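This report refers to the structure that appears directly beneath it.
Just so it is clear, none of the values below were taken in a lab; they were calculated from the coordinates. On a predicted model such as this, the values are computed, not experimentally measured, just so you know. Counting neighbours? That spans all protein chains shown, and the Cβs are built from the backbone with ideal geometry, glycine included.
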Amino acid sequence: MTSKQKLVVIGNGMAGARVVEEILARGGREQFEISMFGEEPYGNYNRILLSDVLNGSHEAEDIFLNPLAWYADNGVKLHAGVKVSKILRHAQQVEAEGGIVENYDRLIIATGSLPFLPPMDGLTLPDGSDKPGVFVFRNLEDCRKITAYALGKKRGVVIGGGLLGLEAARGLQNFSLDVHVIQRGNSIMGQQLDDPAAAILKKTLEGLGIVVHTNRDTRAIRGHDQVTGLEFKDGTRLSCDLVVIAAGIKANSGLALRAGLAVERGIVVDNRLCTDDPRIFAVGECVQHRGQVYGLVAPLWEQAKVLAAHLTGADADAAYHGSKVATKLKVMGVEVASMGITEPTEEGDEVVQFTEAKKGTYKKLIIRNGRLVGGILLGDIRKAPYLSQAYERNTPVPEERLSLLFDIGAPSEEASVESMPVEMQVCNCNGVTKGAIMGCVKQGKRSSKSVMEATRAGMGCGACKTLVSQVIAWACGGSTDEDPSANFYVPGVPLTKPELIEAIRALGLKSVSSVFAELAGGKEDPGSKPGLASLLITLWADEYVDERDARFINDRVHANIQKDGTFSVIPQMPGGVTSAAELRRIADVADKYHVPLMKLTGGQRIDLIGLKREDLPNVWRDLNMPSGFAYGKRYRTCKSCVGTDFCRFGLGNSMGLAQQIEARFQGLDAPGKLKLATAGCPRNCSEALVKDVGAVAVEGGKWEIYVGGAAGAHVRKGDLLCAVDTHEAVLQLSGRFLQYYRENARYLERTYAFVPRVGIDKIRAVVVDDSEGIAERLDQSLQRSVDAYQDPWQEADTPATANQFGALLSIVQ
Amino acid sequence: MEVTLGPITAIPRGEGRSFQIGSAQIAVFRARDGGVFATQAECPHRRGPLADGLLGSGTLICPLHSLKFDLSTGQAVNGDCALKTYPARLSETGQIVIDLQEAP
């Protein structure tokens with residue numbers, strides 16, 4: 001075995017520790033002997049939360065990311081509380097206080113930044129020592145000093161109205177101080193906000209008791225032996241007992257400069273984060289890349305990944321190309337999100353804006369060529385996750401600009417991930433808490449898929465997947481690893497749905513095993529099988545080669561598996577209409593097979609629960625009713641109200657229409673299950689507005705068709721697709737919609753997710769107005785599937801496989 | 001102790017079935033590539049019938065809550081539990097033979 005290379009990291013802040021984590025995650029422990037130097041005498045902590053420590057909402061120990069034990073556990077030697085004094089490049093050594101010397105093969109500088117002190121008089125005592133009452137705000141020790149001094153003081157002033165300054169001001173309020181903020185320029189948070197937004201924020205802050213002074217340039221800090229006040233360049237004065245200077249940061253690059261490395265505003269690095277010495281790398285706030293110096297955490301994480309990929313050899317082509325940074329923050333309880341430019345800079349830049357000053361809400365987006373180039377959200381930042389992503393990935397934004405600013409008719413946003421308690425259950429099916437996800441991320445799983453697989457979060461009903469992803473992203477600090485399989489139709493075949501469909505058609509693949517053989521190198525991913533089967537049925541209808549091992553157990557035995565391995569049987573009952581004779585027959589079956597539970601379903605049918613697998617064929621024969629398909633990702637049922645036959649309000653024959661719908665769509669496979677309903681009048685007794693497809697009779701002999709509704713794990717009112725005159729038109733247009741959904745939705749994507757993803761306008765254009773000229777083809781494809789319908793319960797007499805209904809086989813000698 | 005369970009054709013390709021062997025129940029799987037595996041019949045998580053799971057490339061997914069197991073080791077891929085596995089093979093005449101290691 002070759003001996004390990006020596007890797008030394010100077011700096012144990014968020015950048016230094018993260019890069020080491022990334023290196024370890026790529027197997028770096030085998031390659032490197034890692035030593036770290038940190039000036040602060042403890043492990044690594046979350047500097048972003050410093051203001052929470054100052055304001056008392058967090059204890060210092062709450063914000064630690066890696067305690068000292070973490071370093072030992074991972075074989076990392078940490079010199080905590082040791083300041084590096086020199087880098088000796090020729091000797092490849094780092095020299096630190098107390099005579100400590102470490103040799104290096106590779107060196108990473110992650111020294112972060114220092115507070116910027118604007119030139120002013122009286123900053124220090126005449127002998128150059130610190131003036132009591134003057135502080136900076138950069139680390140835990142600063143917090144401790146401010147806390148100790150603030151006690152019993154009357155007025156605290158923060159110089160600097162940027163993000164850090166406002167955070168410091170929030171902290172000072174905790175000490176019952178009268179808090180003032182001094183802003184040199186016209187508006188606070190000039191990096192993130194435009195003038196109107198800054199004015200609204202200023203007002204909000206003043207409502208919270210903070211006095212904001214704009215256009216005040218500090219000339220001097222007054223007081224002979226301690227702070228007594230400030231003097232400004234316009235001659236005015238403000239008395240105070242305590243000053244926190246938070247006027248910005250500068251790269252901490254002195255060590256690199258003294259070592260002779262190229263330093264401008266920061267340590268100059270290339271796309272591999274390498275300095276002009278090929279053995280020395282740098283990351284974080286101390287770095288200058290393509291002329292940019294970053295003061296936020298997201299770029300640092302991107303840099304850490306690239307650097308780790310290089311050093312470990314995991315990806316020699318990894319390159320850092322700079323960061324587009326969208327920030328989300330909370331200033332004194334006011335939520336702010338900001339990205340890109342704050343004012344339009346080019347002709348043709350489109351500005352979309354909304355102001356409700358009274359509520360402190362301000363939203364402004366700048367769109368160039370259909371893409372987001374800047375945005376400010378103040379007060380209401382529910383759209384921030386979507387907008388940040390659109391900005392960072394440069395994806396086109398919807399034509400309907402209003403929907404960029406507001407959720408119209410969509411479910412309200414989940415509670416903010418950050419404020420969610422650790423013990424809160426995120427996935428209610430599998431009982432996975434926010435804390436469990438955080439733990440999994442901490443163990444090095446950094447993609448949504450890997451965390452979901454390891455914790456099974458989001459693997460139940462799937463309704464929480466978005467939230468789970470948000471929690472994972474948050475736990476990863478905003479940047480999850482791109483999981484290439486996220487865009488695949490199924491994880492086991494590396495193709496998107498359109499690519500997969502094209503390949504299946506081109507190669508004429510009609511069975512799941514042939515897809516694995518031709519498109520996945522023969523590797524059969526069991527979790528991908530049902531999704532492939534569903535797609536192949538949609539594409540080939542009667543030509544599909546049904547390999548039962550590709551189907552979930554429910555579709556092998558045409559019943560729904562229960563927790564004890566028994567099955568539930570639901571016969572077809574179109575429109576929820578039954579008869580005395582049918583009910584008698586069902587009752588006889590229940591008696592004969594000792595059915596433990598009979599239950600009316602939400603879809604207006606009767607469920608016989610707890611049947612043994614080997615009894616299924618006889619149960620079906622005795623029932624003499626077709627399968628109701630109450631299992632599987634298919635058309636399930638169409639609920640209806642009484643309609644015109646008896647109801648005195650009925651406007652349309654909802655019962656008759658429901659029966660026609662069932663006769664047409666019975667057994668239809670789809671990416672997700674399909675629950676439909678018809679309502680005879682707008683009272684909607686059958687809840688047609690919250691179904692995958694719902695038809696509602698309205699005055700004037702018309703039917704309104706709603707699509708994309710849901711009232712299960714997720715609740716959503718369907719979108720109005722169109723209004724039509726006849727039952728035939730309802731069947732045709734809802735069928736065309738279903739076929740479009742079958743061909744374009746991701747596997748397991750219900751219509752409630754598919755419709756808003758594609759957009760009802762687009763769907764209406766395709767389905768109703770035939771904008772793509774595919775309506776006829778969609779109708780034909782659907783007809784082919786309709787024609788391929790077979791009642792699967794006929795397999796009672798013609799089993800599809802050996803021992804299809806054999807639960808427990810005995811030994812055959 | 002080796003036990004012959006009967007012809008492999010009792011199990012459809014790519015599926016599994018449970019066998020009653022004395023007082024024990026054992027799930028046997030017939031992979032599409034010809035491999036044969038045998039494990040305990042019930043999922044250690046919530047007693048799901050493993051023979052009804054989805055099978056592929058040496059991995060099994062329990063039908064109840066999607067726990068995933070490596071059939072060669074029995075170890076859960078997404079959980080803390082493990083399955084008891086039994087050496088299994090096909091005889092020259094296509095009979096399933098499993099080694100119970102101890103009498104059932």
Practice prompt. Would you order A:V642, A:V707, A:V758 from fewest to most other beta-carbon atoms within 10 Å of each residue's own beta-carbon?
Written response: A:V758, A:V642, A:V707
Item to complete: Mind checking A:545-553 for the average number of partner chain beta-carbons within 10 Å of each residue's beta-carbon?
Response: 5
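Name the shape class, rounded, prolate or oblate, that the alpha-carbon gyration tensor gives for chain A, where a ≥ b ≥ c are the square roots of its eigenvalues, rounded holds for a/c under 1.5, and otherwise prolate holds if a/b is larger than b/c and oblate otherwise.
prolate
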Worksheet entry | Antiparallel content of DSSP bridges confined to the range A:14-130, in %, to 5 | 70
Worksheet item: How far, in degrees from 0 to 90, does helix A:580-592 lean away from the longest principal axis of the Cα atoms of chain A, to the nearest 10?
Response: 70
Response to the item:
Listed with the fewest Cβ neighbours within 10 Å leading, B:V77, A:V269 appear as B:V77, A:V269
Worksheet, complete the sentence: Charge dipole of the range A:425-487 built from unit charges on the beta carbon (Lys, Arg +1; Asp, Glu -1), centred at mean Cα; most positive-end Cα among A:T433, A:S450, A:L467 is A:T433
Discussion item. Against the 2.2 N^0.38 Å scaling, with N counting residues, where does the range B:2-99 land? I'd like the Cα-based Rg ratio to two decimal places.
Written reply: 0.98
Response to the item:
Of all DSSP beta bridges having both residues in the range A:134-247, the percent classed as antiparallel (nearest 5) is 30
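Can you give the average number of partner chain beta-carbon atoms within 10 Å of each beta-carbon in peptide A:802-809, as a whole number?
6
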Discussion item. Between A:E347 and B:Q95, how high is the FRET efficiency from 1/(1 + (r/R0)^6) when r is the Cβ-Cβ distance and R₀ = 60 Å? Nearest 0.05.
Written reply: 0.15
Worksheet item: Lys/Arg Cβ at +1, Asp/Glu Cβ at -1, dipole of the range A:326-405 taken about the Cα centre: which of A:L365, A:L377, A:V331 is farthest positive-ward?
Response: A:V331
Item to complete: Sticking with the crude label model, points 7 Å out along Cα→Cβ, report the distance from B:R46 to A:A663 in nm, one decimal please.
Response: 4.0
Fill in: Unit charges at the beta carbon, dipole of chain B: most positive-side option, B:P63, B:I8, B:H45
B:P63
Item to complete: Treating cross-link reach as a plain straight distance, find the aspartates and glutamates whose alpha-carbon is under 20 Å from the alpha-carbon of A:K4, omitting any fewer than eight places away in the same chain.
Response: A:E21, A:E22, A:E30, A:E33, A:D73, A:E102, A:D105, A:D315
Worksheet item: Among A:I34, A:I774, which comes first, then next, by fewest other beta-carbon atoms within 10 Å?
Response: A:I774, A:I34
Fill in: Cα-based reach from A:K510 at 29 Å (exclusive), listing lysines while leaving out same-chain residues under 8 positions away
A:K449, A:K497, A:K523, A:K529, A:K633, A:K673, A:K675, B:K68
Practice prompt. Quick one: how many lysine pairs does the range A:134-247 have with C-alpha atoms less than 23 Å apart and a gap of 8 or more or different chains? Give me the count, please.
Written response: 5
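Between A:N487 and A:V698, what FRET efficiency comes out of the Förster formula 1/(1 + (r/R0)^6) with R0 = 45 Å and r the beta carbon distance, rounded to 0.05?
For R0 = 45 Å, the calculated efficiency reads 0.65.
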Item to complete: About the Cα centre of chain A, how large is the charge dipole given +1 on each Lys and Arg Cβ and -1 on each Asp and Glu Cβ? Please answer in debye to the nearest 20.
Response: 1120
Worksheet, complete the sentence: Reduced to Cα centres, the span from the range A:703-738 to the range A:158-199 in Å works out to 51
Worksheet entry | Pairwise centroid distance, computed over Cα atoms, of the range A:593-612 with the range A:557-576, Å | 7
Response to the item:
Lone Cys, chain B, Cβ cut-off 4.7 Å -> B:C81
Practice prompt. First check a/c for the range A:633-798, with a ≥ b ≥ c the square roots of the eigenvalues of its C-alpha gyration tensor; if it is under 1.5, answer rounded, and if not, answer prolate when a/b is larger than b/c or oblate otherwise.
Written response: rounded
Discussion item. I'd like the distance separating the alpha-carbon centroids of the range A:515-541 and the range A:231-299, in whole Å.
Written reply: 53
Worksheet, complete the sentence: Quick shape check on the range A:326-405: root eigenvalues a ≥ b ≥ c of the Cα gyration tensor, a/c under 1.5 is rounded, otherwise prolate if a/b tops b/c, else oblate, and it reads prolate
Worksheet item: In nm, to one decimal, how far is the A:T496 label point from the B:A82 one, both placed 7 Å along Cα→Cβ?
Response: 4.3
Worksheet, complete the sentence: Once both label points are put 7 Å beyond Cα along the C-beta direction, the A:D588-A:L151 separation in nm becomes 8.8
Item to complete: Shielding by partners for B:20-27, please: the mean number of other protein chain Cβ atoms within 10 Å of each residue's Cβ.
Response: 1
